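Novice: Quick one: the structure is below, and I'll ask about it shortly.
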Amino acid sequence: MSPAVRRAIALAALAGLGVALLVACLGLPDFGHPRGPYATAVIPLSLDHRHVTSAVAGVTFDIRGIDTLGEELILFSAAVGATVLLRSQRAEEDARDAIERHHELAERTPAPVRGLGAALAGPLLVLGVYIVAHGQLTPGGGFQGGVVLASAFLLVYAAGHFIRLGRVKPESLVEAAEAAGAGAYVLIALGGLVFAGAAMENFLPYGTTGELLSGGTIPVLNAAVGVEVCGAIVLILSELLDQAMLRHEDA
Amino acid sequence: MNVAPYAVAAWLLLVGIYGVVTSRHLVHLVLSLVVAQASTYVLLLAIGYRTGGRAPIFFDIPPGTPVVDPVVQALMLTDVVVEATVSAVLLALAVQAHKRFGSADPDRLGELRG
């Protein structure tokens with residue numbers, strides 16, 4: 001099929017879909033007035049029942065706790081899948097040659113870039129831990145904080161003196177962190193089954209609402225998610241960066 | 001009735017699909033898919049928005065303050081995570097395809113297969 005024909009068919013089909021979507025939009029709740037009864041019902045549930053001030057954390061880790069478990073496992077398997085795909089195709093000798101050339105390239109990384117990377121990594125690490133630790137109180141949590149943590153490590157990778165996150169020891173550490181995070185979430189879900197009679201049910205003391213250690217299992221779940229997200233993102237991005245560098249060498 | 005936010009979501013979906021259909025590069029295709037998926041963020045947030053509502057975080061506002069719907073925000077969190085992971089796998093596949101067929105043009109992958 002020629003591109004022009006395909007474009008014409010696509011435009012016709014999308015025009016039809018667009019009209020259908022606009023008609024469907026007319027049946028949605030008026031903007032600014034949510035109709036769902038859960039919008040208001042989950043707030044006392046989060047505040048009084050789960051003792052968390054962030055209603056989003058209450059929904060994510062209590063009401064939709066099992067869904068979040070599934071989401072964790074999607075993240076885990078996607079990271080594993082992407083890693084397997086990217087690693088299967090890079091011949092070991094190629095990689096070793098590329099690393100040697102990286103070392104030469106590393107010398108050419110300008111000192112200000114390296115300095116800025118090193119200076120930003122520390123504060124980013126603290127910010128990431130802060131966001132993970134306050135997930136049940138303020139906006140944030142394991143997913144968001146985990147990405148901030150991962151960016152701190154990747155900054156070291158990208159701007160640092162080519163401290164290889166891949167290849168040597170840290171690689172297995174990253175993989176272990178990812179697996180440990182996913183495993184910890186599953187264990188906490190099972191802990192609810194063992195100690196409280198239902199999966200994901202809280203089995204830790206609730207503490208005082210609004211304090212750092214409150215919300216029962218939710219801060220622990222946030223920590224598990226934070227470790228897993230950080231591991232998964234570092235793993236995926238460092239594999240993709242490796243590919244970019246191998247390509248670069250080929251060219 | 002204000003349908004503008006929903007129309008934005010519909011527009012993002014249409015533009016994203018158009019990008020996928022007419023794409024000449026696998027990375028462009030993945031990014032078009034990301035644009036199409038961004039429509040779900042706009043749709044979910046628009047459905048949960050309450051006029052004058054605050055963020056559903058009761059750390060510094062008293063209980064009972066009108067807030068936007070926290071359920072759709074949690075759904076969107078899931079959405080973002082799934083989108084990020086799906087793009088990662090698709091980009092890995094794109095790298096694989098380029099290595100195998102020497103081209104990142106989706107149209108040329110079929111020609112080269114036989």
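Novice: Return only the number of the condition from (1) in contact (Cβ under 8 Å) with a residue 40 or more places away in the chain; (2) touching a Pro at 6+ places or on another chain (Cβ under 8 Å); (3) over 28 Å from A:Pro29 (Cβ atoms) that B:Val27 does not satisfy.
Specialist: Tallying (1) in contact (Cβ under 8 Å) with a residue 40 or more places away in the chain; (2) touching a Pro at 6+ places or on another chain (Cβ under 8 Å); (3) over 28 Å from A:Pro29 (Cβ atoms), B:Val27 fails exactly one: (2).
Novice: Would a scan of segment A:22-39 turn up a residue that is touching a strand residue (DSSP E or B) at 6+ places or on another chain (Cβ under 6 Å), surrounded by 13 or more Cβ atoms within 10 Å (Cβ to Cβ) and part of a loop (DSSP other than H, G, I, E, B)?
Specialist: So far as segment A:22-39 goes, yes, one or more of its residues are touching a strand residue (DSSP E or B) at 6+ places or on another chain (Cβ under 6 Å), surrounded by 13 or more Cβ atoms within 10 Å (Cβ to Cβ) and part of a loop (DSSP other than H, G, I, E, B).
Novice: If you don't mind, another one. For the structure I just gave you, tell me whether B:Val15 is within 10 Å of chain A (Cβ to nearest Cβ), more than 30 Å from A:Phe76 (Cβ to Cβ) and within 13 Å of the chain's Cα centre (by Cα).
Specialist: Judged against the criteria, B:Val15 is a match.
Novice: I've got another one for you. Given the condition touching a residue at least 12 places away in the same chain (Cβ under 8 Å), under 26 Å from A:Ala78 (Cβ atoms) and touching an Asp or Glu at 6+ places or on another chain (Cβ under 8 Å), answer yes or no: does some residue in segment A:113-135 qualify?
Specialist: No, the conditions are met nowhere in segment A:113-135.
Novice: Answer yes or no as to whether B:Ala74 is open to solvent by less than 50 Å² (accessible area, probe 1.4 Å), at negative phi and at pLDDT below 90.
Specialist: Against the criterion (open to solvent by less than 50 Å² (accessible area, probe 1.4 Å), at negative phi and at pLDDT below 90), B:Ala74 does not qualify.
Novice: Give B:Ile61, B:Ile17 a once-over and let me know the one that is among the β-branched types (Val, Ile, Thr) and buried (at least 18 other Cβ atoms within 10 Å of the Cβ).
Specialist: Going through B:Ile61, B:Ile17 in turn, just one is among the β-branched types (Val, Ile, Thr) and buried (at least 18 other Cβ atoms within 10 Å of the Cβ): B:Ile17.
Novice: How about segment A:5-18: which of its residues are more than 10 Å from chain B (Cβ to nearest Cβ) and more than 11 Å from B:Val21 (Cα to Cα)?
Specialist: Within segment A:5-18, A:Val5, A:Ala12, A:Gly16 meet the criteria.
Novice: Can I ask one more? Consider B:Arg54 carefully, then state whether it is more than 9 Å from chain A (Cβ to nearest Cβ), touching a helix residue (DSSP H, G or I) at 6+ places or on another chain (Cβ under 8 Å) and either charged (D, E, K, R) or open to solvent by 70 Å² or more (accessible area, probe 1.4 Å) (or both).
Specialist: No: the conditions fail for B:Arg54.
Novice: In addition: Please give the helices (runs of 4 or more DSSP H) falling wholly within segment B:1-104 in which 1 or more residues are within 25 Å of A:Glu228 (Cβ to Cβ).
Specialist: Hits in segment B:1-104: B:26-48, B:70-101.
Novice: So B:Thr78 fits all but one of (1) facing chain A (nearest Cβ under 9 Å); (2) more than 16 Å from A:Glu72 (Cα to Cα); what number is the exception?
Specialist: Condition (2) is where B:Thr78 drops out.
Novice: Of all residues being touching a residue at least 12 places away in the same chain (Cβ under 8 Å) and within 22 Å of the chain's Cα centre (by Cα) in segment A:184-211, which is most open to solvent (accessible area, probe 1.4 Å)? Just the residue, please.
Specialist: Among residues in segment A:184-211 that are touching a residue at least 12 places away in the same chain (Cβ under 8 Å) and within 22 Å of the chain's Cα centre (by Cα), the one most open to solvent (accessible area, probe 1.4 Å) is A:Val186.
Novice: Something else now. Determine whether B:Ser39 is among the hydroxyl-bearing types (Ser, Thr, Tyr) and crowded, with 19+ Cβ neighbours inside 10 Å.
Specialist: It is true that B:Ser39 is among the hydroxyl-bearing types (Ser, Thr, Tyr) and crowded, with 19+ Cβ neighbours inside 10 Å.
Novice: Is one or more of the residues making up segment B:84-107 in contact with a strand residue (DSSP E or B) (Cβ under 6 Å, 6 or more places away or on another chain), more than 7 Å from every other protein chain (Cβ to nearest Cβ) and surrounded by fewer than 18 Cβ atoms within 10 Å (Cβ to Cβ)?
Specialist: Checking segment B:84-107: not a single residue is in contact with a strand residue (DSSP E or B) (Cβ under 6 Å, 6 or more places away or on another chain), more than 7 Å from every other protein chain (Cβ to nearest Cβ) and surrounded by fewer than 18 Cβ atoms within 10 Å (Cβ to Cβ).
Novice: Let me ask another. If I ask for residues that are open to solvent by 10 Å² or more (accessible area, probe 1.4 Å) and over 21 Å from A:Gly207 (Cβ atoms), which ones from segment A:44-73 would you list?
Specialist: Result: A:Arg64, A:Ile66, A:Asp67, A:Leu69, A:Gly70, A:Leu73.
The values are calculated or read from the model by the stated rules, or taken from the named source; none is laboratory data. Just so we're clear, the structure is a prediction, and the values are computed from it rather than from any experiment. Quick reminder, even Gly has a Cβ in these numbers, built from the backbone with ideal geometry, and neighbours come from all protein chains shown. Note: accessible area is taken over every heavy atom of the protein model, side chains too, but ligands, DNA and RNA are not part of it. Shrake-Rupley method; radii C 1.70, N 1.55, O 1.52, S 1.80 Å.
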